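Working notes for the structure below.
Nothing in this text is a laboratory measurement; each read-out follows from the coordinates by a stated rule. Because the structure is a prediction, the values reported are computed rather than measured. Don't worry about glycine lacking a Cβ; one is built from the backbone with ideal geometry, like all the others, and counts go over all protein chains shown.
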């Protein structure tokens, strides 16, 4: 069974500071890993998807790395803005499976 | 270019009633997944369907819950005789084909059982 853990559970930073969100997973036989953003009472917005053969993906101020052997992924958000305040979810899809296993999320607050 | 549509967005049911949640995948997507997010918990997989077939229902409670994805029309998640513990946000996701497994999520249906 795939267990996904996200640390920290909550994070509060002043505007402009870089954010570092961590995700770890127990089964390294993954197909891909996705980072999502969820705003209160809303659905999930996909931010980045990293295939198992990749080591990182970048989109604008976001960069996600993947170390499959150690079961870790890190999401970096550069120069944070108040609009980045949300819950960030990490989800892993196993190689022999189609279902996503989600972490509990990191709730980020960026103070103006 | 519509994304995944779910309706209703909010649903209130009294204990013992039936809840029907609908999901229209992205146009051209033939794979649908349902997830449930209980209060203060992470999202948990419920069921994976392709057109007219249930591929994996390992996350579905054994009783009262059923899902379908007919040849025509939306995917339906049905919960019979709802109980308070069914109160949650139910999310649907779709993907275009088996070898392109990025899942696109809908806005969710928030079910409240009173």
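Figures for the structure shown
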| quantity | calculated |
| --- | --- |
| Distance histogram for segment B:1-77 (every C-alpha pair counted, 10 angstrom bins, percent rounded to whole numbers) | 17, 49, 30, 3 |
| Order of B:48, B:33 - criterion: other Cβ atoms within 10 Å of each residue's Cβ, fewest first | B:48, B:33 |
| Relative contact order, percent, segment A:29-112 [alpha-carbon distance under 8 Å, six or more residues apart] | 30 percent |
| Protection proxy ranking, peptides B:84-95, A:8-19, average beta carbon neighbours within 10 Å, highest first | B:84-95, A:8-19 |
| Centroid-to-centroid separation of segment A:43-61 and segment B:1-16 [C-alpha atoms, Å] | 28 Å |
| Value of relative contact order over chain B, rounded to a whole percent, pairs C-alpha under 8 Å and six or more apart | 37 percent |
| Shape parameters for chain A, alpha-carbon atoms, Rg then Dmax in Å | 13.4, 44 |
| Burial ranking of peptide ranges A:53-60, A:42-49 (average Cβ count within 10 Å, highest at the top) | A:42-49, A:53-60 |
| FRET efficiency, 1/(1 + (r/R0)^6) with R0 30 Å, evaluated for residue A:52 and residue B:41 via beta carbons | 0.65 |
| Segment B:52-114 - Debye-derived log10 I(q)/I(0), Cα point model, q = 0.20, 0.21, 0.29 Å⁻¹ | -0.98, -1.07, -1.46 |
| Mean projected area in nm² (Cα convex hull; one quarter of hull surface) for the protein assembly as shown | 12.5 nm² |
